[in-house]
Amino acid sequence: MYRSLFPRDVFAELDRLQREMQQAFDLSPTIRGFGRNGFPALNVGTTPTAIEVYAFAPGVDPAKIEVQLDRGLLTIAGERKSPLPEAEGGSRSTVHINERFEGSFRRVLTLPEDADPDAVEARYRDGVLQISIQRRAASQPRRIAVQ
């Protein structure tokens, strides 16, 4: 019924605003945290032996996706064409609502130092690009026998 113009907990509101501002200007995602609202959406996880990156890119031609790993930066780039039909005369049909991303995209992730650039695999299936980056053997935990 009655709503105050000021939040009850000013400090909680200031904390929320600070997080939103930090997310808005965070342009360099790392393996531990990402900027939001990018295409393709990413899931990143690790195992003791590998780093797994899943890029959700339905409607993208796998031949048009570029995956590069250079100096600890993983770059995923490509383009998704519009699924809308062409109207007569070569012009586009009228669009009333278009919530699906179309156009060029580029996502860059900073990987940990133990990522092995010589052991990378990329597979695309059912709209999901899976990239597996092996960790260097020297950085993996190993059991040492006590004599």
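What follows is calculated from the coordinates using simple rules that are stated; it is not laboratory data. This structure is a prediction, so every number in the text was calculated from the model and none was measured. Every residue, glycine as well, gets a Cβ built from its backbone with ideal geometry; the counts of neighbours run over all protein chains shown.
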- To the nearest 0.05, how large is the calculated FRET efficiency for THR110 and LYS81 if R₀ is 35 Å and r is the Cβ-Cβ distance? 0.75
- Convert each backbone phi in region 100-108 into a coupling constant with the Karplus relation 6.51 cos²θ - 1.76 cosθ + 1.60 (shift: θ = phi - 60°), then list the ³J(HN,Hα) values in order as whole Hz, x for Gly and Pro. 9, 5, 9, x, 7, 9, 7, 10, 10
- Query: Can you list the residues, at least 5 places off or on another chain, whose amide H is less than 5 Å from the amide H of ALA41, using H built in the peptide plane?
  - Reply: PHE56
